[in-house]
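Input: a single structure, listed below in structure tokens.
Every number here is computed from the coordinates shown, using simple stated rules; none is lab data. What you see is a predicted model; the values in this text were computed from it and never measured. Heads up, the Cβs are rebuilt from the backbone with ideal geometry, glycines too, and the neighbour counts pull from every protein chain shown.
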Amino acid sequence: MGTPPATADEEMGTFAPEDLNPETRERIEAAVLEVFSATDFHRASIRDVAKKAGVSFTSIYKYYGSKEGLLFACLDHHLYALTERLIDHLQGIAHLKEKLRKVFWVQLDFYERHPDLGRILFLTVPYKKWMDDKTFKQPKFIDLLMDILRKGQQEGALNQGVSTGVLLDFIFGFIHRRFTMWIYRGQKENLTEDANAAFEMVWQGISNPFEGQHTANK
């Protein structure tokens, strides 16, 4: 049976991905990760995704509206899962350093489990194009980390000579580079294998270099 022609509203992608059958959405997003992680963003297409997912082009277009809408909705869904996983792992951790150690580890572990997602985020998606989309902001995830870092600065445990955003960039920059080189080197070891030692290096970079002096002077 042929696919019925799309209505004007459907052609504009006015249906939300959340309205899809969960099994269909899962197949589409699995195909997105496979297609967009394996080729240049500009070469990937909705038709490639539709073919791998076993879903019609019209159906995908109806719910996502464009190639960018399709990709960024998929990224948003997975980053939401990362945020929820991080919130769960932080439960019961009171000490600042251990909270940040867990933040560091959870991200590395997540990208090790989902290397196709990491490839898209760090290697294949044009950052300028993604930054123009609202999904780039990830407010729940960023606000969670910014609150932890800001509190650490207020308590004097973290470097107060830079903005909270710079501390966040420092952590993200290390994770970005670590994943990229893990891929480049052929994923020969677990990405989390040296996470504790690597975090100690990051901690030295973001902690307050004068904290000990302040404590001694009290």
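Packing-based ranking of 38-48, 116-126, 60-70 yields 60-70, 116-126, 38-48, ordered from highest to lowest mean Cβ neighbour count within 10 Å. Computed from point charges on the beta carbon alone (+1 for Lys and Arg, -1 for Asp and Glu), the dipole magnitude for the chain about its Cα centre is near 480 Debye. Shown in residue order for the range 113-127 are the 3J(HN,Hα) couplings computed by the Karplus curve 6.51 cos²θ - 1.76 cosθ + 1.60 at θ = phi - 60°: 6, 10, x, 5, 5, x, 4, 5, 4, 9, 10, 10, 7, x, 4 Hz (x for Gly and Pro). Highest average first, the peptides 95-101, 25-31 ordered by how many other beta carbon atoms sit within 10 Å of their residues are 25-31, 95-101.
Estimated purely from DSSP H runs of n ≥ 4, each contributing -39500 (n - 2.57), the mean residue ellipticity at 222 nm for the chain is -20500 deg cm²/dmol once divided by its residues. Think of the chain as a dipole: +1 on every Lys or Arg Cβ, -1 on every Asp or Glu Cβ, centred on the Cα centre; then among I87, A31, I148, I148 lies furthest on the positive end. Backbone phi angles across the range 186-196, fed through the Karplus curve with coefficients 6.51, -1.76 and 1.60 (θ = phi - 60°), yield HN-Hα couplings of x, 6, 6, 10, 5, 5, 8, 4, 10, 4, 5 Hz in residue order; Gly and Pro are listed as x. Label sites at K97 and T58, each approximated as a point 7 angstrom past Cα along Cα to Cβ, lie 6.2 nm apart. Of the listed values [x] 40, 18, 14; [y] 50, 20, 16; [z] 32, 20, 15, grab the one calculated as semi-axes √(5λ) of the Cα gyration tensor in Å from the structure here. Answer label, from the structure shown: [x]. For L158, the residues 5 or more places off, or on other chains, whose built amide H falls under 5 Å of its own are Q153, N208.
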